[in-house]
Amino acid sequence: MALGWLTALKAVPWSDVVQAAPNIVQGARKLFTAAKAYRSPADAAASAQASSGERGENPEARIGQINAHIETLQAEQRASAELIRSLAEQNENIVAALDLMRKRMRMLAGVSILLMIALMLLGLAVARN
């Protein structure tokens, strides 16, 4: 069982994985930072009401804050989508490598069976003489 996994790991295009790793790590860090900085809508609404009540902000300023928040969320969504795309591409590469390995293993098994039959026939021929 372990031999199969080792063979599978050898078939993975590690150079592609290593090249893409910094982008994936950077995207994951951005996503984690954005998720950490995100406040729940209830907390944000309470904070906004308190600050607008204290400072006497007008509705236009509040709309500007909401628009800025929407833009931030859209940027985070784009970053998340890019990270997911990158992970999907790497997953596709790994699946393709594993499929190629599976095909090679089947071919190797067939050749091994043919060689085993040939050796048995050769052994029988030598034993008769």
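Work out the FRET efficiency for Ala88 and Arg29 from their Cβ-Cβ distance, taking R0 = 25 Å, and round it to the nearest 0.05.
Computed FRET efficiency for Ala88 and Arg29: 0.85.
Restricting attention to the stretch 62-116, which trypsin sites (Lys or Arg not before Pro) occupy a DSSP loop and are surrounded by at most 13 other Cβ atoms within 10 Å? Don't jump to the answer; show the numbers that get you there.
Numbers: sites: Arg62, Arg78, Arg85, Arg102, Lys103, Arg104, Arg106; in loops: none.
Here no trypsin sites (Lys or Arg not before Pro) fit, given the DSSP loop and packing criteria.
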For the stretch 55-119: span of alpha carbons on each principal axis (Å, largest first): 93, 12, 9
In whole Hz, what ³J(HN,Hα) sequence does the stretch 59-73 give by Karplus (6.51, -1.76, 1.60; θ = phi - 60°), x for Gly and Pro? x, 5, 5, 5, 5, x, 5, 5, 4, 5, 5, 5, 5, 4, 5
Residue span Leu119 to Arg62: 0.36 nm per residue of separation minus Cα-Cα distance leaves a gain in nm of 12.1 nm
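Just so you know, all these numbers are worked out from the coordinates, no wet-lab data involved. Since the model is a prediction, treat every value here as computed from it, not as a measurement. Every residue, glycine as well, gets a Cβ built from its backbone with ideal geometry; the counts of neighbours run over all protein chains shown.
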